[in-house]
Amino acid sequence: MNELEMDASFETGLLYIPVRPKTPGDDQRLARALEQLTAEDPTIRVQIDQQSREALLGGTGELHLEIIVGRLKREFNVDASVGSPQIAYREALTRPAEGEMKYAMHVRGHAQYAHVKLRLLGAPRGKDYVFVNAITGVSIPSQYIESVEAGIREALARGIVAGYPTGGVQVELCGGSYHDVHSTKATFKIAGFLAARDAIQKAAPVLLEPVMLLEVTVPEAHVEEGLGNIVSRRGEIDSLQDCGGTYVILARAPLAELFGFAADLRERTNGRGAFKTRFYRYQPRRRAGGDGDERESMVGAPLKPRLDPLVTAVALPEPDERPDDLQAT
């Protein structure tokens, strides 16, 4: 499995910002505003927390989100608390791996059993997730396959490195076993989740970050400041073009490092610098110098906490004991 390179279809939702309405009236105005804004601009992504009513707004960059928030206040009269921007990190696997889970327990006096074997491979180019049922025979009955896949999807969504979604994966369900009495859809969802976690850990996962292409225009007198600013943000210079009195710097830099770049550039160039950005790709995140705690965000906000393998929405039950007498079919 080669290093994952996301295509341009992943450009939307590179950066998210939480917005929480202050009153029920603001909540209603926000809903109407988001409906109109997303119809006008398909690159806007919206996720709503049904309990807190907080909206997570996704855009292609800092300026894009500033425009969205500004329109919410100015055009739609939405009074809301706005949180700090969050980078849409992803995770990827760097090699194929196999995973297996034989879930056999007694819970509150009832036996539970499910057994899942699977294989993780790189998905075909342009695909973020592919599920293949490669089981021959009835080692896992058909009524349980959907539950197995639901557990696999949850494991991929929660990641291993820092809790971010794992993409670019083809999952092959290749075996398992069941019990006529003690197997259920719930037990197979648990087994699918844990088998996928097992395989993900073996597949050497890495954290990916969005990287942007930069086109920075600076006066000749400020070329060094422009180059230094980019390099200090973990940027890589691709070319420097002399355009007669001004220079155009083409470079690549992580989106997480570009917060405040516009103001910094104006200050360094006495207001004469300008820049444009567009999405390049996702690539493995590396700190400047190549060391340090990978869990610390370069923009000062912590990454999602690592998840315990058993912390999951499938609600793993507490076992009374591990039975030795469960016999698979």
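Before moving on, here are some points about what is shown:
- Taking the listed residues 99, 70, 58, the one that is assigned to a strand (DSSP E or B) and free of Cβ contacts under 8 Å to residues at least 60 places away in the same chain is 58, with no other qualifying.
- Residue match in the range 83-90 (condition: out of contact with any Lys or Arg (no Cβ under 7 Å at 6 or more places or on another chain), among the hydrophobic types (A, V, I, L, M, F, W, C), in contact (Cβ under 8 Å) with a residue 60 or more places away in the chain and open to solvent by less than 60 Å² (accessible area, probe 1.4 Å)): yes
- Subset tally (residues that are out of contact with any Leu (no Cβ under 8 Å at 6 or more places or on another chain) and buried (at least 19 other Cβ atoms within 10 Å of the Cβ)) for the range 141-154: 2
- Test: residue in the range 186-205 that is in contact with a Gly (Cβ under 8 Å, 6 or more places away or on another chain) and free of Cβ contacts under 8 Å to residues at least 40 places away in the same chain: no
- Per this entry, residue 138 is not counted among residues that are over 30 Å from residue 38 (Cα atoms), surrounded by 14 or more Cβ atoms within 10 Å (Cβ to Cβ) and out of contact with any strand residue (DSSP E or B) (no Cβ under 6 Å at 6 or more places or on another chain).
- The range 149-162 residues that are within 19 Å of residue 187 (Cα to Cα) and charged (D, E, K, R), paired with ones that are open to solvent by less than 30 Å² (accessible area, probe 1.4 Å) and in a helix (DSSP H, G or I) (beta carbon under 8 Å, 6 or more apart): 149/192; 154/193
- When the residues of the range 13-47 are filtered to those that are under 19 Å from residue 86 (Cβ atoms) and open to solvent by 70 Å² or more (accessible area, probe 1.4 Å), the one that is modelled with the lowest pLDDT is 47.
- The range 48-76, subset within 25 Å of the chain's Cα centre (by Cα) and of a type in the set (Gly, Ala, Ser), residue modelled with the lowest pLDDT: 52
- Condition broken by residue 269, with the remaining ones in (1) in contact with a strand residue (DSSP E or B) (Cβ under 6 Å, 6 or more places away or on another chain); (2) polar (S, T, N, Q); (3) open to solvent by 50 Å² or more (accessible area, probe 1.4 Å) satisfied: (3)
- When residues of the range 228-266 are limited to those that are in contact (Cβ under 8 Å) with a residue 40 or more places away in the chain and more than 25 Å from the chain's Cα centre (by Cα), the one least open to solvent (accessible area, probe 1.4 Å): 265
- Scanning the range 126-145 for residues that are more than 20 Å from residue 13 (Cα to Cα), out of contact with any Pro (no Cβ under 9 Å at 6 or more places or on another chain) and touching a residue at least 24 places away in the same chain (Cβ under 8 Å) returns 131, 132, 133, 134, 135, 139, 140, 141, 143, 144, 145.
The values are calculated or read from the model by the stated rules, or taken from the named source; none is laboratory data. Note that this is a predicted model, so its numbers are computed, not measured. No Cβ is skipped: glycine too gets one built from the backbone with ideal geometry, and neighbour counts run over all protein chains shown. Calculation scope for accessible area: heavy atoms of the full protein, side chains included, ligands and nucleic acids excluded. Shrake-Rupley method; radii C 1.70, N 1.55, O 1.52, S 1.80 Å.
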